[in-house]
1. If you average 1/r across every pair of different Cα atoms in the stretch 110-234 and take the reciprocal, what Kirkwood value do you get, in Å?
2. Go ahead and set up a Gaussian network model of the chain, Cα springs under 10 Å, then flag whichever of 356, 254, 210 fluctuates most.
3. Between the stretch 158-219 and the stretch 102-155, what is the C-alpha centre distance in whole Å?
4. Restricting to the chain, compute how many DSSP beta bridges are antiparallel as a %, nearest 5.
5. Just to verify a number: FRET efficiency for residue 259 and residue 67, C-beta to C-beta distance, R0 = 25 Å, to 0.05?
6. How do 354, 230 rank when sorted from fewest to most other Cβ atoms within 10 Å of their own Cβ?
7. Roughly speaking, what % of Cα-Cα pairs in the chain are separated by over 36 Å, rounded to a whole number?
8. If neighbour count is taken as other Cβ atoms inside 10 Å, put 273, 117, 162 in order from fewest to most.
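Nothing in this text is a laboratory measurement; each read-out follows from the coordinates by a stated rule. These numbers come from a predicted model, not from an experiment. Methodologically, a virtual Cβ is constructed for each residue, glycine included, from the backbone with ideal geometry; neighbour enumeration extends over all protein chains shown.
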């Protein structure tokens, strides 16, 4: 069976971050060129029928004064003009939100990056590790505990049903341990996804794919981090997010589900693959709409790895917080040192993402300058993207951030962040 995979290479091309807005000393002409090229990109996406509409927000350090570039509408079938308040399914862009919420608890002293998660979730104390992931579920005792940093960096030894189809992933699917409660990546034979408490009970009874800290593998680890936040605070995950981030930042439109008043602002979601067979399609097909959406009611599982809906306005506030190293409009939500740590590489020594890159609190962080290569990565960039081609990045070194919202699942023929990178970088050497 083919599995639904998410291309992270395009998301964190540092170009998608190094470009954003012109840096503090960049000429006004270069800024205008970049913005014009980016607007032309969005207009081209709409004109070519890749998406009905899209929005990009560009940020600089200091006060929240985003520059918005928009195009098109919320639906191919009509819809409304895209605005900063349009709502989008951000899928795995939920992960950095969960990661930062964990780092806030680190700042409070409630836990540390090297705290074993079994100190808070005892069911994970005596974990087993597969002897051969390709052959079966035979396992041996784990030599190391799962640490908090392992959850934040996908090095806990966990997996995802969207990351493979070996015996462990099949067992995840059999037990309903899917990325989220929606139908994305779900087969007709899959059982219902349990709530977060039951999800963790079932997961803790399975072996790990690899020894904790030994390799990077995209996984449900940020869902476990969400459950850890619930256990640590005594609140449900939506309450944790609301108290620690959403209310202080004014993110009133970011949630695991939408109210009837919010639903008309939800953009339609489209896929360039058949959502049942996962095979490429010649044209985008409607997957989820404002008229009939899975986000109209509270889900069974509050997925810290994939569950949120947000607006460009809201997520730009989150990006501004991290660009300002923990401060938003005069309020300190994260000490500067902890904010920097949240965007710095937290991977165990010798472990890398895509062979050369690091990973921080729920998002990739670039370590090396590769501007001579096709991927064009610049160091000091932190961020992540979602399955529907939403993306964000914070460039600490050059003092800039970007948020892009649209809805295009498995966008091999649709939009991607490399397009954005090329549009924003008029001169890669500036």
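1. With all distinct Cα pairs of the stretch 110-234 included, I get 14.5 Å.
2. So, out of 356, 254, 210, the one fluctuating most is 356.
3. 15 Å
4. Expressed as a percentage, antiparallel bridges in the chain total about 90.
5. Working from the Cβ atoms, E equals 0.30.
6. The order, fewest Cβ neighbours first, is 354, 230.
7. Distances greater than 36 Å cover 20 percent of the Cα pairs.
8. In order of increasing Cβ crowding within 10 Å: 273, 162, 117.
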